[in-house]
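Reading through the structure tokens given below for one structure.
The values are calculated or read from the model by the stated rules, or taken from the named source; none is laboratory data. None of these values were measured; they are calculated from a predicted model. Please note: Cβ atoms are built from the backbone with ideal geometry, for glycine as well, and neighbour counts cover all protein chains shown. Side chains are part of the model used for accessible areas, which takes the heavy atoms of the whole protein and leaves out ligands, DNA and RNA. Shrake-Rupley method; radii C 1.70, N 1.55, O 1.52, S 1.80 Å.
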Amino acid sequence: MLNYVVWNVSPDLLTWPVNIRWYGLMFAIGFMVGYEILSRMYKREGAPERWVGILLIWVACATIIGARLGHVFFYEWEYYSQHPLDIVKIWEGGLASHGGTIAIILAVILYSIFTTRRNPLWTFDRLVIPIALVGGLIRIGNLMNSEIFGHATDLPWGFMFVRSREWHMLYEGQACHPTQIYEALCYFALFALLMWMYWKKNAGERPGLIFGVFLIWLFGSRFLIEFIKNDQVAREATMSINIGQQLSLPFIAIGIFFVLYAMTRPKVHIDYPGKFAEELQSRTPHSR
């Protein structure tokens, strides 16, 4: 009996009449579901629905630009400093989630200044919930692309990524950790937790709590899983903790700060004029 999985799935869902890749489909599903989740939150709290569309434009632009620049500056500045025109060649690959996160934070601050005129934590506490879902779906897309996998393993759920050139070069004949699945499961669990916190525990009354939990869980799991993932660049081979782990530590620290901040401040009362809040208000009429 085989103690590994031979992963030979095509990255293309359809090739005719148009080419549709699993990765793009996962991203599109995440975008649509995320829009619906945010719309329901905004409606629940009486915020203008047009704010959702504006926010997603800010986030989409920040994600692409930030993730690309993050890869350029954090991982391969030696190359791109000599070939600056290649920075715009996103289609050739090279995105860093930490860069995307930094850009999204800046975008939300600007969005809060120019659109909502509210504390940025109000947006962060709501936005990170669908982001956790999208993160999990993107990792499923990575799995379908046979990319971003881990070291060789003897565990029975190891994968042989036979469509990957990197796998053939480094691990021919050996099964590897399907780290895409590990991360996806962590992100889906985080999404479920944050949804429960917002809808069932009314965690929005503690500004920064949901955002802090998101940062701790997402970057904490990323830090741990990096130990069994392949290096993104050659210079990581000599590092005790790689670049991704080094970049994760500040976000974990920020998350701890916001959890402590939220739990040591009085609750902020939220009025729920939307129809989704009727049951909640009947259960907690004196919530503060």
Can you report the number of residues in region 176-190 which are among the aliphatic types (A, V, I, L, M), in contact with a Gly (Cβ under 8 Å, 6 or more places away or on another chain) and open to solvent by 10 Å² or more (accessible area, probe 1.4 Å)? 1
Ala28 is checked against (1) assigned to a helix (DSSP H, G or I); (2) surrounded by fewer than 14 Cβ atoms within 10 Å (Cβ to Cβ); (3) in contact (Cβ under 8 Å) with a residue 24 or more places away in the chain; (4) not basic (Lys, Arg) and fails just one. What number does that condition carry? (3)
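For region 203-238, which residues satisfy the criterion of being in a loop (DSSP other than H, G, I, E, B) and open to solvent by less than 60 Å² (accessible area, probe 1.4 Å)?
Arg206, Pro207, Gly208, Asn230, Val233
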Go through (1) over 30 Å from Gly46 (Cβ atoms); (2) assigned to a helix (DSSP H, G or I) and name the single condition Ile148 misses. (2)
Could you check Val268 against (1) assigned to a helix (DSSP H, G or I); (2) open to solvent by 10 Å² or more (accessible area, probe 1.4 Å); (3) modelled with pLDDT under 95 and say which number it fails? (1)
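Kindly provide the set of residues from region 239-253 that are hydrophobic (A, V, I, L, M, F, W, C), in a helix (DSSP H, G or I) and without any contact (Cβ under 8 Å) to a residue 24 or more places away in the chain, ordered by number.
Across region 239-253, the qualifying residue is only Ala253.
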Here is a check on your reading of the model: is Leu69 open to solvent by less than 30 Å² (accessible area, probe 1.4 Å), modelled with pLDDT of 90 or more and assigned to a helix (DSSP H, G or I)? no
Which count do you get for residues in region 90-101 that are in contact with a helix residue (DSSP H, G or I) (Cβ under 9 Å, 6 or more places away or on another chain), over 18 Å from Gly208 (Cβ atoms), open to solvent by 20 Å² or more (accessible area, probe 1.4 Å) and part of a helix (DSSP H, G or I)? 3
